[in-house]
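The values are calculated or read from the model by the stated rules, or taken from the named source; none is laboratory data. From a predicted model like this one, the values you see are computed outputs, not experimental measurements. Backbone-built Cβ (ideal geometry, glycine too); neighbour counts: all protein chains shown. Side chains are part of the model used for accessible areas, which takes the heavy atoms of the whole protein and leaves out ligands, DNA and RNA. Shrake-Rupley method; radii C 1.70, N 1.55, O 1.52, S 1.80 Å.
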Amino acid sequence: ERLKLARNGVYLGPLRLLALEVYEQMKKYKVPCTMRTGQECLEEEGSRVMASTIEMADFDENYDIAVIDEAQLVADHDRGHSWTKAILGLRAPEIHICMSPAAEQAICHLIELCGDDYEAERYERKTDLVCEEHPFVFPDDVQKGDALIAFSKKSVLDVAGRLEEAGINASVIYGSLPPEIRRRQMHLFHKGKTKVVVATDAIGMGLNLPVRRIVFLQAEKFDGISRRPLKTQEVKQIAGRAGRFGIYDTGYVTAMGEAELAHVRNHYAAEEDPLTQVNLGFPQILLDIDAPLDELLRIWHEVTPTEPFIKENIDEALYLYDQAKSCKQMIDGFQDKHILYKMVTCPIDVKDKKVVELWLQYCCTYTADVSLEKPVLHREKKGGIQQYETYYKQLDLYYQFSHRMQKVIEEDWLRREREKTEMKIMSYLTKGKQNYIARCRYCGKLLPLGSTFPVCDDCFRQEVRAKYGRKDKNGGTTDGKVGGDKKRRGLSGHRRKVRHQSVHGTADSK
């Protein structure tokens, strides 16, 4: 409401979808608005409001009204420093900071450090939120308006495939899905063309969906280090999506499994512990010190700041630095730490090998022409949806790297390629999700939801008997028939490998 009246206002949020929502609301109110994210810039003549992702904040601009959304993310190890910088550094006499109650104390401390004053306004839920008594049974208990929550892309596609097999249309939302596809999937659910939505915890980040009930299919998640139970704030953030005001009088939350439901029940109504940490980013003024960039990053990170501050995660920046250092002779500007810092802090998926390879190619060739070489899609028969998601990330990298290094961007080509790639991804998600159902790779039997193993228990037991033998009546050993199958002989080793990967694998990106 205040942004509508701004002469020069800004909205800063965690997701492109939220920036787009504000952009569209402003246009609905006939307020000229521009949207800027790391992927695109939609400019409107005479714009009075800028809707941006938090990383795109402009600290040289003077605003009269600013809005910072989801400020509890100030404690996030990877992105929290962007919220800290915005709260401390935005130039505006009136700033609205929206957050969960747990962040209030930490945010007020930051405001006091600035010597500013503040008012605290607390808003109550307008619909009841009820935890169901009995565990959810999949797929028998699926109802229209349900949001089924899993915590990896693989699990989301598996669940959506099983629903499709049962004749239930489902939208899907997960982190590595292009923002425009997430929007289209949300639109299908909004319009009732899909009965349910299957999503990761990305759904908890302020996305406005007509969800009646949140169903936790799992009560634990991989956080980049290990699998752990969901925390109170995570349960509350996701559960709070149920019961959209104006559509439902009551929201419901449940979980699959007695233990999972007990965990959710214990946490969804509990008080959140106050945030005790605020994330700090690397101060670029240190780049003027005469020392290699990796040394500066490490030394800065090792210095313990005063409470409540902690340092941002620099693992990805150091990883990209090592990649660049391996071919530093080919990188024009490697010795210029300001240029190098722009390169190693370019936001990319470092777990995607093809994206990292393209990033390294750009580091080595960015001075060769006014434009970067355009990414090329290499289609593979068994590449599936993953190859198009990777290509979309490469298109994002082309835009990001060009923007950072002030290269000419072929906007029309980029828009066409994104649209074509989005259509391909949508085609995979509209039909054919059954291909992602988790089945035993040997007998084809349906695996339990959330299984971390690619084989069923029966096949595993058969392999163990075949490999280690069974004692006969005379004390000797006999090999089972399955012992001659080379594929099954390697099964237990593969099973142990998958167990290891489930602990050290990749987390779903937000």
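For the pairs Lys221/Lys351; Lys27/Lys236; Lys221/Lys445, note any where the Cα-Cα span goes beyond 29 Å. Before the final figure, lay out the partial values.
Details: Lys221/Lys351 18 Å; Lys27/Lys236 32 Å; Lys221/Lys445 25 Å.
Beyond 29 Å between Cα atoms: Lys27/Lys236.
Taking the DSSP beta bridges with both ends in the chain, the antiparallel portion is around 15 percent. In this view, the solvent-accessible surface of Glu94, computed with a 1.4 Å probe and all protein chains in place, comes to about 50 Å². Using only the alpha-carbon atoms of the chain as identical scatterers, what base-10 log of I(q)/I(0) does the Debye formula give at q = 0.05, 0.11, 0.12 Å⁻¹? Scattering profile of the chain, log10 relative to I(0): -0.23, -1.10, -1.30. Between Ser326, Gly192, Val67, the Cα set farthest toward the positive side of the dipole of the chain (charges on each charged residue's Cβ, about the Cα centre) is that of Gly192.
What does a probe at Ala269 reach in segment 119-138, counting residues whose amide N is under 15 Å from the point 7 Å along Cα→Cβ? Of the residues in segment 119-138, 128-134 have backbone N under 15 Å from the label point off Ala269. Taking all Cα pairs closer than 8 Å and separated by 6 or more residues, the relative contact order of segment 1-73 comes to 42 percent.
Over segment 98-189, the pair-distance histogram of Cα-Cα distances with 10 Å bins from zero comes to 12, 29, 24, 22, 11, 3 percent, rounded to whole numbers. Given the pairs Lys4/Lys231; Lys195/Lys353; Lys154/Lys342; Lys191/Lys433, which are separated by over 27 angstrom at their Cα positions? The answer is Lys4/Lys231; Lys195/Lys353; Lys154/Lys342.
Of the trypsin sites (Lys or Arg not before Pro) in segment 1-51, which ones lie in a loop per DSSP and count no more than 10 other C-beta atoms within 10 Å?
Arg7, Lys30
Taking all Cα pairs closer than 8 Å and separated by 6 or more residues, the relative contact order of the chain comes to 13 percent.
Treating each Cα of segment 81-237 as an identical point scatterer and summing with the Debye formula, the log10 of I(q)/I(0) at q = 0.16, 0.21 Å⁻¹ comes to -1.01, -1.36. Here the convex hull built on the C-alpha positions of segment 397-444 has a volume of 101 cubic angstrom per residue. Counting only heavy atoms of the protein chains and using a 1.4 Å probe, Tyr29 has close to 100 Å² of accessible surface. Ordered by 1.4 Å accessible area with all protein chains kept, Asp288, Asp412, Asp58 run largest first as Asp288, Asp412, Asp58.
The Rg/Rh ratio for segment 295-357 is 1.02, where Rg is the radius of gyration of the alpha carbons and Rh is the Kirkwood radius.
Accessible area per residue of the chain at 1.4 Å probe, in Å²? Walk me through the intermediate numbers first.
Working: 26810 Å² over 510 residues.
Computed with neighbouring chains in place, this is 53 Å² per residue.
The charge dipole of segment 235-319, taken about its Cα centre with unit charges on the Cβ of Lys, Arg, Asp and Glu (plus for the first two, minus for the last two), comes to roughly 560 debye.
Computed in the context of the full set of protein chains, the accessible area of segment 351-441 at 1.4 Å probe radius has 48% of its extent on carbon or sulfur.
At the residue level, Val303 shows approximately 90 square angstrom of accessible surface with a 1.4 angstrom probe and all protein chains present. Near Gly333: Cβ cut-off under 15 Å, other residues only, Lys/Arg at +1 and Asp/Glu at -1. The net charge is +4.
Considering only alpha-carbon pairs that sit under 8 angstrom and 6 or more positions apart, the relative contact order computed for segment 23-180 is 12 percent. Near the amide H of Cys131, within less than 5 Å, lie the amide hydrogens of Val253, all on another chain or at least 5 residues away, with H placed in the peptide plane. Once Rg and the Kirkwood radius are both taken over the C-alpha atoms of segment 326-374, their ratio Rg/Rh works out to 0.94.
FRET efficiency for the pair Asp288 and Asp458, taken as 1/(1 + (r/R0)^6) with r the Cβ-Cβ distance and R0 = 45 Å, rounds to 0.10. With R₀ fixed at 30 Å, the C-beta to C-beta distance from His134 to Lys351 puts the FRET efficiency at about 0.20. The translational diffusion coefficient of segment 1-152, from Stokes-Einstein at 20 °C and 1.002 mPa s with a Kirkwood hydrodynamic radius over alpha carbon pairs, comes to 123 µm²/s. Annotation for segment 217-260: chymotrypsin sites (Phe, Trp or Tyr not before Pro) lying in DSSP loop with at most 11 further Cβ atoms inside 10 Å of their Cβ are Phe245.
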